[in-house]
Amino acid sequence: MTPDVAPRRGRKGRRARDMGRIVGLVVFLGSLGMLFLSLLFAYAILRASVPVWPPAGEEPLPVAQPFVSTLLILAASVSLHFAGRAKEMAKRMSWLGAAAACATAFLVAQGFLWWTVWSGGWVPSTGGYHSVFYGLTAIHAAHVVPGVVWLLVGLLRTWRARSAGASKMPSLALVSIYSHFLAVVWVVMFVAVFLA
Amino acid sequence: MEHAGHGDAHGHDDAHGHDDDDHIHPEPTTFLSKYVFSVDHKVIAKQFLFAGLFWLAWGGVMAMVIRWQLGYPGRPVPVLGEFLWQENGGALPAYSYSSFFTMHGTIMIFFAITPIMIGAFGNFCIPLMIGARDMIFPKLNMYSFWAFFIASIIMMTGFFVPGGHAATGWTAYPTLSTTIGQPGHGMSLWALGIFVSGASTIMGAVNYITTVIRLRAPGMGYFKLPLTVWGLWLTSILNALFVPVIGSAGLLLLMDRLFGTTFFIAGSSIIQGQGDPILFQHLFWIFGHPEVYILILPAWGIISDLLAFFARKPAYGYKATVFSMAAICVLSVLVYGHHMFTTGMSPLLSQGFMTFTMLISVPSAILFLNWLATIWKGSLHFTSPMLFSLGVVFVFGLGGLTGMYLGNITTDIYLHDTYFVVGHFHFTMAAAVFLGSFASIYFWFPKMFGKMMITSLSKVHFWLTIVPLTYLFGAMHIVGYGGMSRRLFDLSRYEFLWHLQPLQTSISISAFLLGSAQFIFVFNFFYSLAYGKKAAQNPWAVGTLEWQIPTPVPHYNFAEIPLVYNGPHEMSRPDMTDRDWLAQDEPPPSTPAKRGEPEPTAEPVAAE
């Protein structure tokens with residue numbers, strides 16, 4: 001009665017499925033990219049409306065601390081790249097673990113950065129300069145959090161595949177694309193908000 | 001759980017184009033998985049439809065109250081007044097009036113049109129029309145609906161918090177929308193509701209875009225897609241790219257309201273590095289102008305198909321229609337400044353925005369003339385979907401023409417923020433989409449629910465809708481030209497508007513007629529749902545794929561993935577004598593070899 005509508009299994013089916021997911025993720029990153037672009041646009045408009053930046057009376061943001069954050073998120077990206085290239089599961093797991101650790105350290109560094117600025121008396125309501133700082137970095141960090149969770153899920157799945165003795169490693173394509181994207185966004189943000 | 005090597009024994013190695021197994025799911029067995037937390041695009045479509053119709057009715061009642069206040073300023077509101085504004089003698093208080101027009105706009109745009117046109121018909125039509133078994137990410141589709149549901153609850157909660165709901169107009173301009181102008185929680189809930197509903201929209205858009213790219217049946221090239229799918233697909237692209245912009249504006253507004261940032265609060269001196277209220281307008285309209293096309297594009301696509309179906313002719317200039325819609329999408333991004341001519345922007349910028357705005361009339365005119373050419377010398381069947389489609393053409397034409405005055409700086413400065421604007425945008429994106437929704441509901445109801453709606457009632461519904469609707473939005477242009485600003489609470493206070501009061505009252509009466517006529521639809525809808533005549537598989541005798549499968553549609557849609565040979569409107573072919581339509585998955589009786597079209601291959605066009 002019911003026709004055979006089962007999905008095709010095997011290599012070809014899996015490849016088509018993974019391709020579909022990658023297309024979906026790229027479309028979603030288009031959305032996310034527009035979110036960050038409009039935040040940067042907001043920053044540009046605010047900055048263009050005053051003669052000097054940082055505005056008179058506001059203390060420049062620290063540069064060394066966000067530079068450490070930049071190194072950490074880039075380290076996470078590089079580790080993830082090597083995790084994707086690793087041929088053995090043990091090697092992949094250590095690279096994945098390193099990536100998750102670096103990404104977590106990035107979040108901690110950001111928290112420390114907020115704490116430093118905040119405890120210096122520069123709370124969000126002090127003006128547009130610090131609004132931009134808190135707003136943009138917080139929205140970026142809010143997107144890094146699910147990335148860390150995703151990395152840990154990838155780690156767990158690799159570990160389970162290894163304990164089950166599977167020959168095929170779970171794909172890292174999606175989480176890598178997402179993580180590299182957030183790293184690029186951060187580098188742009190670092191240059192635009194802290195250096196420029 | 002690997003099934004390596006199992007697949008090829010499955011007998012699925014023939015023409016079945018796509019084997020992405022994300023979108024294939026077993027038949028649901030429990031009540032919850034079948035009707036509530038369903039991953040089936042057809043069920044999710046119905047969920048969106050009912051949610052959208054609920055909000056449409058809610059927003060419609062709000063419109064009636066607004067029209068009551070404008071038609072009969074200060075008089076007690078019948079029925080509702082006794083319950084809601086007892087302390088005010090039943091009359092509408094000023095704050096509630098502001099709150100009502102704000103929420104009328106918000107609800108209609110984000111909670112009625114979006115779920116009906118994009119949520120319901122996007123979900124229902126896309127997989128069925130491209131020959132897929134479901135959306136490519138069915139679970140994401142389910143999350144999209146439930147995110148919308150959560151957004152609905154957040155929006156609804158705003159009506160019951162102390163201080164009332166948002167009352168800034170749907171555009172929510174600061175400084176009014178910051179805590180200075182709106183200290184209550186209603187405004188924060190508004191911003192949060194918009195953000196969550198935006199997340200729902202983006203989930204839907206990612207799904208629709210990817211589904212059309214990856215899951216078209218073999219032979220279904222991009223230029224064989226029904227125009228409905230084109231409209232919905234382009235809408236989804238705009239949604240994916242520009243809903244995040246209002247998302248960022250909403251987030252920044254929430255931060256200003258809850259965490260004390262100053263993105264939109266100018267403060268005492270701009271030199272101090274405070275925020276900029278105009279910034280919000282930029283972000284809002286970078287989203288807001290594409291948004292009006294997001295709302296109208298699905299209706300354009302749908303009626304482009306319906307006009308062809310009921311003129312029994314192929315759509316005139318199919319590719320020109322597609323390219324016009326795409327060109328409008330691109331241009332829609334470059335014109336947002338025409339909403340801000342009076343903010344003191346550089347004249348050079350506003351000239352650019354004006355030029356691009358005027359340019360949009362070129363593809364719009366191509367689109368419009370293609371509709372006319374489609375029905376020209378056609379064998380017109382005035383079914384209810386056809387009547388409503390013709391209604392869309394009519395009101396959209398009127399709305400398009402009045403838009404010329406608003407896109408032009410010199411006339412816009414006079415007409416800005418008057419009822420002329422209100423009349424214009426109601427013609428284009430409210431009336432046209434309203435009629436387009438009914439065209440779609442009347443057209444796909446048989447396939448969605450397996451029942452026919454009552455034809456005579458739907459035609460009465462059409463005439464009782466189109467006449468008051470044209471009058472009331474048309475007359476709004478006149479009162480606007482007469483100098484009436486938007487959002488005025490008590491018209492009896494303005495001497496220069498006194499002579500327009502009879503016209504105002506007639507607009508209101510017209511609106512009440514329009515509102516009452518919708519009860520015919522409500523009755524027809526629910527009566528047909530329960531007692532309607534059983535629908536045949538293809539009651540309209542058209543060739544798109546959704547009508548070639550049984551009604552009700554099985555959960556897997558297509559027992560076998562169809563092989564597509566033809567475009568969507570192969571009507572009245574001279575080489576066919578038995579019937580005047582050819583299904584998309586039927587081989588044509590005489591292959592037009594001279595056109596040199598390659599034979600459809602068994603290989604998927606979309607894969608790899």
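The values are calculated or read from the model by the stated rules, or taken from the named source; none is laboratory data. Treat the numbers as computed from the prediction; the structure is a model and nothing was measured. Here the Cβ is made from the backbone with ideal geometry for all residues, glycine too, and neighbour counts use every protein chain on show. Areas reflect the complete protein model, heavy atoms only, side chains present, ligands, DNA and RNA absent. Shrake-Rupley method; radii C 1.70, N 1.55, O 1.52, S 1.80 Å.
Quick notes on this one:
- Per-residue [θ]222 nm for chain B (sum of -39500 (n - 2.57) over DSSP H runs n ≥ 4, rounded to 500): -19000 deg cm²/dmol
- Mean separation of Cα contacts under 8 Å, 6 or more apart, over the residue count of chain A: relative contact order %: 27 percent
- Proximal charge balance of B:Pro385 [Cβ under 15 Å; K/R count +1, D/E count -1]: +1
- Distance histogram for the protein assembly as shown (every C-alpha pair counted, 10 angstrom bins, percent rounded to whole numbers): 2, 12, 21, 24, 20, 13, 6, 1, 0
- Per residue, the accessible area of the stretch A:10-195 comes to 45 Å² when a 1.4 Å probe rolls over the protein heavy atoms.
- Rounded percent of accessible protein surface that carbon and sulfur make up, the protein assembly as shown, 1.4 Å probe: 69 percent
- Pairs of alpha carbons in chain A whose separation is greater than 21 Å (percent): 59 percent
- Between B:Glu27 and B:Lys139, the contour length at 0.36 nm per residue exceeds the Cα-Cα span by 38.9 nm.
- Dipole moment magnitude, nearest 20 debye, the stretch A:10-195 about Cα centre, only Lys, Arg, Asp, Glu C-beta charged: 1520 debye
- Proportion of all alpha-carbon pairs of the stretch B:380-442 beyond 19 Å (%): 38 percent
- Neighbourhood net charge (13 Å Cβ-Cβ; Lys/Arg +1, Asp/Glu -1) for B:Gly105: +1
- Normalising the Debye intensity of chain B to I(0), with uniform scatterers on Cα atoms only, and taking log10 at q = 0.06 Å⁻¹ returns -0.32.
- Per residue, in Å², the accessible surface of chain B once ligands and nucleic acids are set aside, probe 1.4 Å: 38 Å²
- Contact order for chain B, expressed relative to its length and based on alpha carbon pairs under 8 Å spaced 6+ residues apart, stands at 17 percent.
- Top positive-direction residue, dipole computed over the protein assembly as shown with Cβ charges, set B:Phe353, B:Thr343, B:His416: B:Phe353
- Estimated 222 nm signal from helices in chain A, with DSSP H stretches of n ≥ 4 weighted -39500 (n - 2.57), rounded to 500: -26500 deg cm²/dmol
- Using a 1.4 angstrom probe on protein heavy atoms only, the contact between B and A buries about 4300 square angstrom of accessible area, both sides summed.
- The charge dipole of the protein assembly as shown, taken about its Cα centre with unit charges on the Cβ atoms of Lys, Arg (+1), Asp and Glu (-1) only, comes to about 780 debye.
- Span-like helix ranges in chain B, DSSP H, alpha carbon extent 27 angstrom or more, Kyte mean at least 0.0: B:41-71, B:138-157, B:185-214, B:227-258, B:277-311, B:347-375, B:384-407, B:455-481, B:501-531
- A cut-off under 11 angstrom between Cβ atoms defines the neighbours of B:Ala583, and their net charge, with Lys, Arg +1 and Asp, Glu -1, is -3.
- Convex hull projection area averaged over all views, the stretch B:19-63, Cα basis, nm²: 4.2 nm²
- Relative to the 2.2 N^0.38 Å rule of thumb, the stretch B:130-254 has a C-alpha radius of gyration ratio of 1.30.
- Residue among B:Val392, B:Val564, A:Ser38 farthest towards the positive dipole end of the protein assembly as shown, charges placed on Cβ: B:Val564
- Label-point gap, in nm, between A:Val149 and B:Met452 - each point 7 angstrom along Cα→Cβ: 5.1 nm
- Sites A:Glu88 and A:Ala173, calculated FRET efficiency, Cβ-Cβ separation with R0 25 Å, nearest 0.05: 0.85
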